[in-house]
Structures are given as C-alpha cells and as structure tokens.
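To keep things clear, I will list the structure first and then write my remarks on it.
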Amino acid sequence: MNIKLIVSDLDGTLLNDRKELPTEFWEIHNKLIDKGILFALASGRQYYTMEEMFNAIRHQTLFIAENGTYVRHRDEEIHVDSLDFDHATELIKTGREIDDAEIVLCCKNSAYIECANEKFVQETGKYYGRLKLVKDLTQVEDTVLKLAMFDYKIAEENSYQHFLKHSNGQLKVVVSGKEWMDVFNNTASKGKAIETIQTKLNIKPEETMVFGDYLNDLEMMQTAMHSYAMKNAHPEIIKASRFITEYDNNENGVLRVMNSIL
C-alpha cells in the first residue's frame, strides 16, 4: 500500500473509553513521519483541546476540528466553514426548548455555555479546553462553527430528533456520541475537510486511510480506499466502511492496523 495520509477520529476510535491515548502512539507516529505519511486527527472536539493533547507533535499533525468546520496544519488555518449567526441564533432558541439537554456554542476562539450545571460543565470541559460561561449565547461575538447539544438522555433519540424537524436543508444534524449531537452547515463534514486536504496536498483516495466509529464519521469513510470502522463502531459506520478493525478502541485497534502497514 502506498499510504500518504492517515486520518483517525478520537473518541471511541484512537482513545479508549477512559479518554486515554495509548502510550504506543508516539513511537508509531514517529515511524509514520519517517516514512513520509501525514497523520491527521478528525474530531468533534475543539481545536485547542486537540492541540493540547497532541502538543508534542502539533507542528507535524493536521487537525480537523469541530466535525470538519475548522482545520489547521502546522499552525496555519487552512479551512473554515462558519455558521451564519442568524442561523446560530435560531438554533440556540431551538436548543433551549429541548428537555434534558444543554447547548454549547462552538466558535473559533472559544466555546460558550449559558448553563452552570456542575455535571454539564464537567462533561463539556473534557472536549472544550477553551470554555466560557455567558449570560446569553445569542449575544456572543465570535465566528460560530457549530452548535452542540449535550443530552442527559440519548442524543440520537432526543435532541437529534428535535433538530431534524427544524433542519431547513442548509444545515446538517449529526450524532457524534451517545450524549452528543452537532448542528452545522450542510457544506461541512469531516469528509469535506479531508477532500479539501487531499486536493491541497495532491493525495488520492487510494493513498488515504481513515478510522472512525460514530455517525459523524460517515462522510469520512467515503474519502478513502482504506476505510476502517472500529470493531465497536455504530452499525451505519460498519456498513459504510471497506474494513473493520480486528480490535476495538480499548484494545488499540487503530494502532494495530497502522503498525501492520509499517
């Protein structure tokens, strides 16, 4: 295989269920660099959270953040797909109507919340290194990338269903985890971001390998000849991929595949 680009989701994929990165990752990443293979991270997480976790290699790694709405490579901003603030305001109003769910307004410089519930703040802090509590999300002055909902129930059955009814064809509604869902421009996705990168760096789908586990990884599977669903992946991701990892995210499934090509 002539692989030039490897893209991995984080939660449920590269990270184990305790949100830990395998210690073997750093050695394998060095081997990828030696072979001229670019490694990219694609997540619904905030860029600053990802950068902090991978600070040691941030000048070598490509970050696809906020489900593809924000991409940086070697400290250079190479792709932004921002949400019109009028749309964002309507989404905030819709989110406020949903029982058992809270809003995170994900922007370029920070993430913003207007609920101080301890459990919500603690959970949100796992994914958003820059997080500010404000009185009114509709008054935030920042470039909006997406709106995220933390669902105390099951996102796919609660907040996701609510937002589907309010989607106007210009917005994309995706479930990014058991308790999380995101709304952003219909033009944005992890897959669209990867296609932009492939064009910019002259990398073909047959030279690309991707790993994912949840519904926000769906378009990503279509960008690579070597598309891997995690053993623990959502059934729709397994259907969309060409391969399934032999081991799940708690058994270093991604690293085992990468090590095999090395």
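The values are calculated or read from the model by the stated rules, or taken from the named source; none is laboratory data. Predicted, not measured: the structure shown is a model, and the values here were computed from it. Neighbour counts run over all protein chains shown; Cβ positions are idealised from the backbone, glycine included. The protein model used for the area step is the full one, side chains on, heavy atoms only, and it has no ligands, DNA or RNA in it. Shrake-Rupley method; radii C 1.70, N 1.55, O 1.52, S 1.80 Å.
The residues of the chain present an accessible area of 45 Å² per residue when probed at 1.4 Å with all protein chains retained. The distance between label points at Arg96 and Met225 comes to 5.2 nm (points 7 Å beyond Cα on the Cα→Cβ vector).
For segment 85-185, what % of the accessible area comes from carbon and sulfur atoms, probe 1.4 Å?
42 percent
As an exercise, use a Förster radius of 41 Å and the Cβ-Cβ distance of Lys239 and Glu76 to find the FRET efficiency, rounded to the nearest 0.05. Don't skip to the end; give the middle numbers.
Values: r = 36 Å, r/R0 = 0.87.
Calculated value: 0.70.
Summing Cβ point charges (Lys, Arg +1; Asp, Glu -1) relative to the Cα centre of the chain gives a dipole of roughly 580 debye.
If I take R0 = 30 Å and measure r between the Cβ atoms of Leu133 and His166 in this structure, what FRET efficiency does the formula 1/(1 + (r/R0)^6) give, to the nearest 0.05?
Details: r = 25 Å, r/R0 = 0.85.
Calculated transfer efficiency: 0.75.
Accessible surface for His226 stands near 30 Å², nearest 10, in the context of the full protein assembly shown (1.4 Å probe).
Remark: relative contact order (segment 85-185) = 28 percent; criterion is Cα-Cα distance under 8 angstrom and separation of 6 or more residues.
Among Asp142, Asp75, Asp217, Asp34, the order of accessible area from largest down is Asp34, Asp75, Asp142, Asp217, computed with a 1.4 Å probe on protein heavy atoms. The alpha carbon centroids of segment 1-46 and segment 155-228 are separated by 18 Å.
How do Ile244, Ile57 rank by accessible surface area computed with a 1.4 Å probe, from largest to smallest? Mind dumping the intermediate values first?
Details: Ile244 95, Ile57 10 Å².
I get Ile244, Ile57, largest accessible area first.
Can you give the FRET efficiency to the nearest 0.05 for Asn250 and Lys31, using r as the Cβ-Cβ distance and R₀ = 30 Å? So the FRET efficiency works out to roughly 0.85.
Using 23 Å as the Cα-Cα cut-off, could you pick out the over-long pairs in Lys31/Lys190; Lys192/Lys239; Lys108/Lys192? From the list (Lys31/Lys190; Lys192/Lys239; Lys108/Lys192), the Cα-Cα distance tops 23 Å for Lys31/Lys190.
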